[in-house]
Amino acid sequence: MELRLTARRGENVLVTIVIPVVVLLFFASVSVLPNGDGRPVDFLLPGTLALAVIATSLVNLGIATAYERNYGVLKRLGGSPLTRSGLLAAKMSAVLVVEVGQVVLLIAIAFAVLGWRPGPGTSPLLLVVGLLLGTLAFAGLGLLMAGALRAEATLALANALFVAFLLLGGIILQVADLPAPLAALAGVLPAAALADVFRAALGSAEVALAEPIAVLLVWGVGAVLLAARTFRWE
């Protein structure tokens, strides 16, 4: 049912797919940002994969769920045998299906249009781990907002976080190029951690994985537990 509802919100899904593709194609083509010594696509592709996860898990899921709650849809579900944890798991699983399609599309575009090729250290398993952990963290945040805040507040906060993660998440700008206080903040945010895991997975950079994986685990487990505990049907 969650997949059916997602398909009915086709315009929202389209936006979440188009934004990462536009970011990848534009910034990889114009080369106006300091992205290190390699080709822009090598830096931008992992970042746009992270952006796709954020757009789908945090923004789209959070806002859609908040308005379902506002319109009384979740109140009706609350009268069924469905538990809060079951609802959250179903929504996160549906989001994961969309994200798999986004990952395939972005990698195909980078390969066919921008001449990207996997690095020598490419790890499909690590890519899957990053996708799962990223979905856990950002879907958890989206559902936490949707289950505790008014729909209008969720809409505003989700979009604000999206912009903040875009700027501070190592997606279009390297974290090292940020001012020291912002770089320190970025280091504890899940966006930069997810981008680093994807860069290691695609062989775009050598990354010490212990810290970013730990950051994603802390954010993911913490957000999901809080969401399951505080989620209100109405």
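None of the figures in this text is laboratory data; all of them are computed from the coordinates on show. Fair warning: this is a prediction, and the values are worked out from it, not measured in the lab. No Cβ is skipped: glycine too gets one built from the backbone with ideal geometry, and neighbour counts run over all protein chains shown.
Residue farthest toward the positive end of the dipole of the chain, with Cβ of Lys/Arg at +1 and Asp/Glu at -1: which of 155, 78, 200?
Looking along the dipole axis, the top candidate is 78.
Output the Kirkwood hydrodynamic radius of the range 155-234, Cα pairs only, in Å rounded to one decimal.
Result for the range 155-234, one decimal place: 13.8 Å.
Projected area of the range 1-131, taken from the Cα convex hull and averaged over every viewing direction, in nm²?
With the hull built on Cα positions only, its mean projection is 9.4 nm².
What is the magnitude of the charge dipole of the chain about its Cα centre, with +1 placed on the Cβ of each Lys and Arg, -1 on the Cβ of each Asp and Glu, and no other charges, expressed in debye to the nearest 20?
Charge dipole of the chain: 860 debye, to the nearest 20.
In nm, what is the difference between 0.36 nm times the number of residues separating residue 22 and residue 167 and their Cα-Cα distance?
Here the answer is 50.6 nm.
Using the Cα atoms of the chain, I'd like the radius of gyration and the largest Cα-Cα distance, Dmax, both in angstrom.
17.4, 57
What distance in nm separates the two pseudo spin-label positions at residue 8 and residue 180, each 7 Å out from Cα along the beta-carbon direction?
Using points 7 Å along Cα→Cβ, the separation is 5.4 nm.
Quick one: pull the percentage of alpha-carbon pairs in the range 101-234 with a separation above 26 Å.
28
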